[in-house]
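Nothing in this text is a laboratory measurement; each read-out follows from the coordinates by a stated rule. Owing to the predicted nature of the structure, the values given are computational and were not obtained by experimental measurement. Using ideal geometry, Cβ is built from the backbone for each residue, glycine included, and neighbour counts are taken over all protein chains shown.
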Amino acid sequence: MKVSVIGTGYVGLVAAAAFSDFGNDVLCADVDADKIERLRRGEIPIYEPGLEDLVHRNAAAGRLRFTTDNAEAARHGEIIFLAVGTPSSGTDGSADLSYLFRAAEEIGRHLDHPAVVVDKSTVPVGTAERVQRIISSQTDQPVVVVSNPEFLKEGSAVADFMSPDRVIIGTDDPHARELLTRLYKPFFRTNDRILYMDARSAEVTKYACNAYLATRISFINDIANLCDAVGADVELVRKGMGSDPRIGPKFLFPGVGYGGSCFPKDTRALINTAREHGLSLDLVAAAERINEAQKLVLVRKVRARFDGDVVGKTFAMWGLAFKPNTDDVREAPALRIARTLITDGARIRGHDPEAGPNFVEALGATAAESFTLVDDPYEAARDADGLLLVTEWHEYRSPDFDRLRELMRTPALFDGRNQWDRSVVEPLGFSYTGIGR
Ligand SMILES: NC(=O)c1ccc[n+]([C@@H]2O[C@H](COP(=O)([O-])OP(=O)(O)OC[C@H]3O[C@@H](n4cnc5c(N)ncnc54)[C@H](O)[C@@H]3O)[C@@H](O)[C@H]2O)c1
């Protein structure tokens, strides 16, 4: 099948590469000329395990091509995916749909054949209808707009896309449904994991999933803070909870709060949609509030350890991406933690296997003056007054604690992901603080 993908970011590039891997003829478009130039040279602009191989293989076979020209993409695809960003806009938390609408307009203007256009971006309920109107205002070609929300996780995006738990096809149009079923069928041995629904329900499903997962994280963080106060261990509590099949173990890991390009903006957008309809999503709003406070839990613990005075102190920070296996730092808790400690008068020496340059750029010029990015995690710890584990990359899980003890000025560990064992590190001379332990 001929497929176009508009927007070549974390979602668009993975989707395009995966579709091409199943033999489809895929053209990927992006307005970012530098990104497209790099892709044409065989460089992968983001870090995502398995993506490089997938892109190279399919580009070499001629099934995956890149363009900066949305008009060419409009003319190419019988199915055209819109996978552009939908960030938070303004102060009300609503999704900024300007990229999506601009892309839709361009597609409409250049369409020269009937097409199925697919909203892959996460968009508020009713957006498929709005995109349909925008495209139809530009062309007489028959167009059906479908909602097909994406559930991949950064860090395992290729594996998730190649083997999805489910694919949601949101449309009442039989032809569009048939076409998308044909596109997705090779991803499954049986197609019983394709769920069909109307576009509005599909749009709500995506936000409901993210809001629910965010709520679970905030719930366990709330319980972790209670455990801290009452002398219980949240690691035992979460195992006790997670072993109940009605609850399950996933997304019950206490930590420094969720970040990333989805949960924060999507919870805010959902709350805003409810507000527009005269409703308040109190549970989701609470999850968001708890999360904002939780991003500073390590800062509170650091301040407490140094009696509120960290002026002139240096802290090592391990993990800057919003989660392991990605270079994405959008709304990463590490940004909030670093900025706050720097405002308190501290210096930070940070390490991350992939996200360092993105982190420095996002930090902003003023804070970056008090931040040093280093290539080696042990170098970050040299002469440090504390080590903060913020993102649990594999390489941080079992470090050489003896070496760390030698390097650090003050052997204080602040474990924001409960990766280390107090009974191991305290006998080595460290003080240990986790989350809810
Ligand atoms: N990142 C995730 O883990 C994830 C998971 C599920 C859903 N989503 C959703 O998918 C959408 C895309 O997310 P992302 O993380 O891939 O974003 P991204 O920022 O990585 O990529 C978006 C791309 O779209 C391009 N773009 C913007 N306007 C364009 C236009 N008019 N024409 C062509 N290209 C244009 C940008 O240059 C950028 O490269 C968002 O709605 C997001 O909420 C993301």
Between residue 286 and residue 230, what is the label-to-label distance in nm when each label sits 7 Å out along the Cα-to-Cβ direction? 1.6
How big is the shadow of the Cα convex hull of the stretch 96-212, averaged over all directions, in nm²? 7.7
Binning at 20 angstrom from zero up to the longest distance, how are the C-alpha pair distances of the chain distributed in percent? 24, 52, 22, 1
Rg/Rg_ref, the stretch 148-216, where Rg_ref = 2.2 N^0.38 Å and atoms are Cα: 1.14
Take every DSSP beta bridge with both residues inside the chain and express the antiparallel ones as a percent of the total, to the nearest 5. 5
What number of lysine-lysine pairs in the chain show an alpha-carbon separation below 22 angstrom, given a sequence spacing of 8 or more or placement on distinct chains? 29
Could you give the length gained on full extension between residue 304 and residue 277, defined as 0.36 nm per residue of separation minus the Cα-Cα distance, in nm? 5.4 nm
For the stretch 128-272, what is one quarter of the convex hull surface built on the Cα atoms, given in nm²? 11.4
Is any helix in the chain, taking whole DSSP H runs, at least 20 angstrom long along its axis by alpha carbon and on average at least -1.0 on the Kyte-Doolittle scale, and which ones? 199-230
Quick one: Debye curve from the alpha-carbon atoms of the stretch 359-437 only, equal weights, vacuum; give me log10 I(q)/I(0) at q = 0.11, 0.15, 0.19 Å⁻¹ to two decimals. -0.31, -0.56, -0.85
Would you grab the residues whose amide H sits under 5 Å from the one on residue 349? Only those 5+ places off in sequence or on another chain, please, with H modelled 1.01 Å from N. 315, 316, 317, 372
Spread of Cα-to-Cα distances over 10 Å intervals beginning at zero, given as percent, for the stretch 2-197: 10, 38, 39, 13, 0
Using the scaling law 2.2 N^0.38 Å as the reference, what is the normalised Cα Rg of the stretch 307-373? 1.03
With 5 Å bins from zero, work out the P(r) of the stretch 206-293 over every alpha carbon pair and list the percent per bin. 3, 15, 23, 22, 17, 11, 6, 2, 0
Using a/c under 1.5 as the rounded threshold, could you call the stretch 243-306 rounded, prolate or oblate? The axes a ≥ b ≥ c are square roots of the C-alpha gyration tensor eigenvalues, and prolate needs a/b larger than b/c, oblate otherwise. oblate
Within the P(r) computed for the stretch 295-433, what percentage of the Cα pairs occupies the region above 28 Å? 8
What does the highest-first list of 171-177, 252-258, 378-384 look like by mean Cβ count within 10 Å? 252-258, 378-384, 171-177
